[in-house]
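A short worksheet on the structure shown next.
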Amino acid sequence: MPSPKQRRRFVTFVVTTIVAAGALYAYLSLFEAQTRGPMGNFYRIPILILGALLAYIGVRAVNAALFDLVFRLRRGYEAPTLVRNIFTLIAFAILFVIIFKAEYSDVNLGALFTTSAIFGVIIGLALQDTLGNFFAGISLHADRPFQVGDVIVVGQQKHTGVVEGITWRAIKIRTFQNHLVLVSNSNAAREPIEVAPRINLNARLVYFGTLYSDSPAKTIHIVREAVRDADNVSQRITPIVRIRNLGDSAIEWELKYWLDDYAKYNDTDALVRQRIWYALRRSGLTFAFPTRTVHVERKPLSRVATAAEGITDRLAAVDVFSPLSADEIQRLAGAAIWHVFAPGETLIRAGDEGSSMFVVHNGRVQVQVSENGRPRPVAVLSEGDFFGEMGLFTGEPRTADVVALDETEVLEIRHESMQQLFETNPSLAESISWTIAERRAALDASHREASQVSIEESAGLLASIKRFFGLR
Ligand code: CMP
């Protein structure tokens, strides 16, 4: 069944042929005698024009019959435009020469054509698009910005797929829906093209979101480990998990990973998302919903008690608090402030003013002192260890940097909490100064025996504590 467009073209063809042939017939019947007279050359011009028009229509008809019917039926695909245009041009030129020669036998056509700009314009117009594609194709071949097998994104419609071929006319792309897209070379030359070369280690970004209550350090570790050995994820570069944005209802994450075969990125993206889901599920982390969620959290009593017990137990095991009674430890635990730090964060900076100390509840920190302007690690403290006691009890500037090695939870004991304890139990200051001095001696064990605590040091500390807390 012919399409409406084909029917329209056929009607135009028939009408134009009838009009041109009719006009030629009428002209010849009216002016035939004059064409042989002294002004014959002038009177033959309309015959030449109408003859050329009929010749052009005839050539187009043969072209359509030959290429739209015969070629397509025999080959099963459309004939290349270049071939069709060349056929039209040659056939028309031959017919034109024949008509011209018939009307103006005494004119030297060769000389006319070599000097005629009209001929050049005709060729230029007929082959405008084709030549554009042809030359753009040549420049693509010369430039070689991409090769067969590379994944490219081209054009305003963002055609994406694997390059199957670059012909003189177009770039053939096999899309991920297994369609074939042809982007003409001249279009491709005008548009930006994004190329993921087959021999390059190409990366992809996958996004996801977690709840604000979930730990970033844990998320990074869990997701990276879940994804790194997935099929088609390159082993050459470790995937990167990083926070992209702190959104309204989620910590928004970006996972960057590299692929062995980029052409399979759809499958690999899907696999990676699946791995993330399972990993988060296993480790108790939660995807955030893309909505504003109001969480009304009612903690069961038993959980509050357990958490408080955890803190009480932790503080009770810290030797600097060993002189405190169970009741005093309980009060201290009630006033302790819980903090969490990311790996690499500085908890205490040498030289800063500070009047609180910290107990490591979870994780590890490193104590660093500055040596020739560079940090030198002197100790690693973990669960149950404490630091910052000098600042808390004496108010002196911090003596070292303390940096988190892992994600670290600490309990902060502030000056006010200790102040209250000292007020109800003034003898505490003495026992605490002794404990601190003991610890100092232990830390300084390279210079003297660990157990050897200097009386003066303890007395000096006691004086500092009394001064700082305003005790008598
Ligand atoms: P403060 O001076 O208040 O702040 C830095 C803390 O680092 C310090 O208290 C101690 O708790 C701790 N610190 C300093 N030097 C050492 C060390 N050599 N070993 C272990 N901890 C230390």
Checklist line | Single unsatisfied condition, Ser427 versus (1) within 11 Å of the ligand (Cβ to nearest atom); (2) more than 43 Å from the chain's Cα centre (by Cα); (3) surrounded by fewer than 20 Cβ atoms within 10 Å (Cβ to Cβ); (4) not hydrophobic (A, V, I, L, M, F, W, C) | finding: (1)
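So which of Phe358, Phe321 is within 16 Å of the ligand (Cβ to nearest atom), over 50 Å from the mean Cα position of the chain (by Cα) and surrounded by 15 or more Cβ atoms within 10 Å (Cβ to Cβ)?
Step by step, each of Phe358, Phe321 is checked, and only Phe321 is within 16 Å of the ligand (Cβ to nearest atom), over 50 Å from the mean Cα position of the chain (by Cα) and surrounded by 15 or more Cβ atoms within 10 Å (Cβ to Cβ).
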Item checked: Lone unmet requirement of (1) at pLDDT below 90; (2) surrounded by 14 or more Cβ atoms within 10 Å (Cβ to Cβ); (3) more than 24 Å from Ala335 (Cβ to Cβ) for Phe469 -> (3)
Notebook entry, point to check: Among the residues of the stretch 389-401, is any within 46 Å of the chain's Cα centre (by Cα), modelled with pLDDT under 90, among the acidic types (Asp, Glu) and not in a helix (DSSP H, G or I)?
Noted result: no
Check: In the list Arg314, Arg331, which residue meets the criterion of being in a helix (DSSP H, G or I), touching a strand residue (DSSP E or B) at 6+ places or on another chain (Cβ under 8 Å) and over 12 Å from Ala404 (Cα atoms)?
Finding: Arg314
Next item on the list: Of all residues in the stretch 162-178, count the ones that are surrounded by fewer than 18 Cβ atoms within 10 Å (Cβ to Cβ) and part of a strand (DSSP E or B).
Entry: 5
Check: Of the residues in the stretch 366-395, how many are away from the ligand (no atom under 11 Å from the Cβ) and at positive phi?
Finding: 3
Margin query: Going by what's in this entry, would Ile413 be described as more than 21 Å from Gln368 (Cβ to Cβ), within 16 Å of the ligand (Cβ to nearest atom), at pLDDT 85 or above and part of a helix (DSSP H, G or I)?
Written below: no
Margin query: Tell me whether the stretch 328-350 contains one or more residues that are within 15 Å of the ligand (Cβ to nearest atom) and closer than 22 Å to Lys466 by Cβ.
Written below: no
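Quick grid of which residues meet (1) touching a Pro at 6+ places or on another chain (Cβ under 6 Å); (2) of a type in the set (Gly, Ala, Ser); (3) surrounded by 13 or more Cβ atoms within 10 Å (Cβ to Cβ):
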| residue | (1), (2), (3) |
| --- | --- |
| Lys5 | no, no, no |
| Ala20 | no, yes, yes |
| Ala33 | no, yes, no |
| Arg44 | no, no, yes |
| Asn63 | no, no, yes |
Next item on the list: Scan the stretch 257-266 and give yes if some residue there is more than 20 Å from the chain's Cα centre (by Cα) and surrounded by fewer than 16 Cβ atoms within 10 Å (Cβ to Cβ), otherwise no.
Entry: no
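Restricting attention to the stretch 217-239, does a residue exist that is more than 30 Å from Asp150 (Cα to Cα) and of a type in the set (Lys, Arg)? Before the answer, list the steps.
Pass one, the stretch 217-239, residues more than 30 Å from Asp150 (Cα to Cα): 217-222.
Restricting the remaining residues to those that are of a type in the set (Lys, Arg) gives 218.
Yes: one or more hits.
Consider the stretch 221-249. How many of its residues are hydrophobic (A, V, I, L, M, F, W, C) and either in contact with a Gly (Cβ under 9 Å, 6 or more places away or on another chain) or under 17 Å from Arg281 (Cβ atoms) (or both)? Give the steps one after another, and end with the answer.
So in the stretch 221-249, the residues hydrophobic (A, V, I, L, M, F, W, C) come out as 222-223, 226-227, 230, 233, 237, 240-241, 243, 246.
Next, from what is left, pick out any that are either in contact with a Gly (Cβ under 9 Å, 6 or more places away or on another chain) or under 17 Å from Arg281 (Cβ atoms) (or both): 222-223, 226-227, 230, 241.
Summing the residues that are hydrophobic (A, V, I, L, M, F, W, C) and either in contact with a Gly (Cβ under 9 Å, 6 or more places away or on another chain) or under 17 Å from Arg281 (Cβ atoms) (or both) in the stretch 221-249 gives 6.
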Notebook entry, point to check: Can you name the residue in the stretch 232-257 that is of a type in the set (Val, Ile, Thr) and out of contact with any helix residue (DSSP H, G or I) (no Cβ under 7 Å at 6 or more places or on another chain) and, of all such residues, is farthest from Pro216 (Cα to Cα)?
Noted result: Ile237
Note to self: Out of the residues in the stretch 435-466 meeting the condition of being at pLDDT below 75 and within 12 Å of the ligand (Cβ to nearest atom), tell me which one is nearest to Phe387 (Cα to Cα).
What the structure shows: Leu443
Checklist line | Any pair with Cβ under 8 angstrom, 6 or more apart, that starts in the stretch 384-402 at a residue that is more than 18 Å from Arg364 (Cβ to Cβ) and ends at one that is near the ligand (Cβ under 6 Å from one of its atoms) and polar (S, T, N, Q) | finding: Met390/Thr399
Check: Which numbered condition trips up Ile432, out of (1) crowded, with 21+ Cβ neighbours inside 10 Å; (2) away from the ligand (no atom under 14 Å from the Cβ)?
Finding: (2)
Note to self: So Ala404 ticks every box in (1) crowded, with 16+ Cβ neighbours inside 10 Å; (2) of a type outside the set (Ser, Thr, Tyr); (3) at pLDDT 90 or above; (4) within 8 Å of the ligand (Cβ to nearest atom) but one. Which box is left unticked?
What the structure shows: (4)
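Please find, within the stretch 207-239, the residue that is nearest to the chain's Cα centre (by Cα) out of those that are of a type in the set (D, E, K, R) and within 24 Å of Thr408 (Cβ to Cβ).
Once the filter is applied, the top-ranked residue is Arg224.
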Notebook entry, point to check: Do we have Ala230 as on the phi < 0 side of the Ramachandran plot, in contact with a Leu (Cβ under 7 Å, 6 or more places away or on another chain) and of a type in the set (Gly, Ala, Ser) here?
Noted result: yes
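The values are calculated or read from the model by the stated rules, or taken from the named source; none is laboratory data. Computed from a predicted structure; not experimentally measured. Cβ sites come from the backbone with ideal geometry, for glycine too, and all protein chains shown count toward neighbours.
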